[in-house]
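The values are calculated or read from the model by the stated rules, or taken from the named source; none is laboratory data. Not measured: the values here are computed from a predicted model. A quick note on method: Cβ atoms are made from the backbone with ideal geometry, for glycine too, and the neighbour counts reach across all protein chains shown. Surface accessibility is based on the protein's heavy atoms, side chains included, excluding ligands, DNA and RNA. Shrake-Rupley method; radii C 1.70, N 1.55, O 1.52, S 1.80 Å.
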Amino acid sequence: MQFTPSKNIPAKVVALPALPSSEDGLRRYLQEIARFPVLTPKEEYDLSKRWKDDGDVSAAHRLVTSHLRLVAKIAFKFRGYGLPMNELIAEGNIGMMQAVKRFEPDKGFRLATYAIWWIKAAIQEYILRSWSMVKVGSSATQKRLFFNLRKLKNKIGAHDANLTNEQITEIAETLEVDKQDVIDMNQRMSGQDVYLNSMASADGEEEKIAFLADMSDNQETQLANAQEKNNMRNLLKRALSKLNPRERDIILRRRLKEEPDTLEDLSQAYNISRERVRQIEVKAFEKLQKEMTGEAA
């Protein structure tokens, strides 16, 4: 894989490690990208400035390759959608390149914090394009259902292909969608297990993914991740402070609670319509995103 042209990054830049075409290739790829060193905050800042100010392609290349493990880790979280891991990683790498191209090092947060948004977005859009039953023009509600159904099924212990009426009702109420939407999406997604989750042998008890290279973080990476979480918390706190009290309360209760409040709950609390609550939530979330990604005016 190569960077695509523009300042944009010139196409003649050194290629990234070859993406795997098989499970054995995936193991080798993970081992190869593990050799790229984790950058210190100063190294990351200096490289980002060299790329942004001087167009130094080698600096951009180092920024991308030092985060390939992050891309792979995120891509693995989407392996339950029946798509080849090499394709998910490839799309994630494109998102990583976009993050490097747009990153503003003087905003005060780390590249990984910013890149997570781009990596996930690239992978999710690819999944939506690839699944024949989910059209590109599908509603935000359908997309939310698509990406949360598996997690909710696991949470309530719904491991069978068919859901009970109680389980359908619980999922529909949690995601605020129609019951029929839950039924339809569940039928479409049933039986779509990725090959890495299949058994390694006919009489074995371990899945093939168990034989991949160890993706656990070393001590240096764990320390960097802890720093990232702290930076992320501070960044979120500053971004939330930009919202007015009602926007902040709605975002906290709708997006940041383990068990989010429903639109009806907030409608009654503020004596406004459910639609008005939804509009405030969307506007507040957009403001929050702009603050956290450094795109605020």
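Of the residues in region 270-280, how many are open to solvent by 60 Å² or more (accessible area, probe 1.4 Å) and under 16 Å from Arg248 (Cβ atoms)?
Going through region 270-280 one residue at a time, the tally reaches 2.
Can you confirm whether Arg50 is open to solvent by 20 Å² or more (accessible area, probe 1.4 Å) and at pLDDT below 90?
On the way: open to solvent by 20 Å² or more (accessible area, probe 1.4 Å): yes; at pLDDT below 90: no.
In short, no.
Of all residues in region 112-137 being among the polar types (S, T, N, Q) and modelled with pLDDT under 80, which is surrounded by the fewest Cβ atoms within 10 Å (Cβ to Cβ)? I'd like the intermediate steps shown before the answer.
Within region 112-137, the subset among the polar types (S, T, N, Q) is 113, 124, 130, 132.
After this cut, where a residue has to be modelled with pLDDT under 80 as well, the list is 130, 132.
Values: Ser130: 15, Ser132: 7.
If we take residues in region 112-137 being among the polar types (S, T, N, Q) and modelled with pLDDT under 80, then Ser132 is surrounded by the fewest Cβ atoms within 10 Å (Cβ to Cβ).
Given the criterion under 22 Å from the mean Cα position of the chain (by Cα), over 30 Å from Arg238 (Cβ atoms) and modelled with pLDDT under 90, identify the matching residue among Phe109, Phe3.
Just one listed residue meets the conditions, Phe3.
Is there a residue being among the aromatic types (Phe, Trp, Tyr), over 22 Å from the mean Cα position of the chain (by Cα) and within 19 Å of Leu235 (Cβ to Cβ) anywhere in region 93-103?
No, region 93-103 has no match at all.
Which residues, taken from region 50-67, are under 22 Å from the mean Cα position of the chain (by Cα) and among the aliphatic types (A, V, I, L, M)?
The answer is Ala60, Leu63, Val64.
Would you point out the residue of region 138-161, among those that are part of a loop (DSSP other than H, G, I, E, B) and within 17 Å of Asp178 (Cα to Cα), that is modelled with the lowest pLDDT?
That would be Ser138.
Can you say whether Ile171 is at pLDDT 70 or above and farther than 22 Å from Glu259 by Cα, as far as the supplied structure shows?
Values: at pLDDT 70 or above: yes; farther than 22 Å from Glu259 by Cα: no.
Answer is no for this residue.
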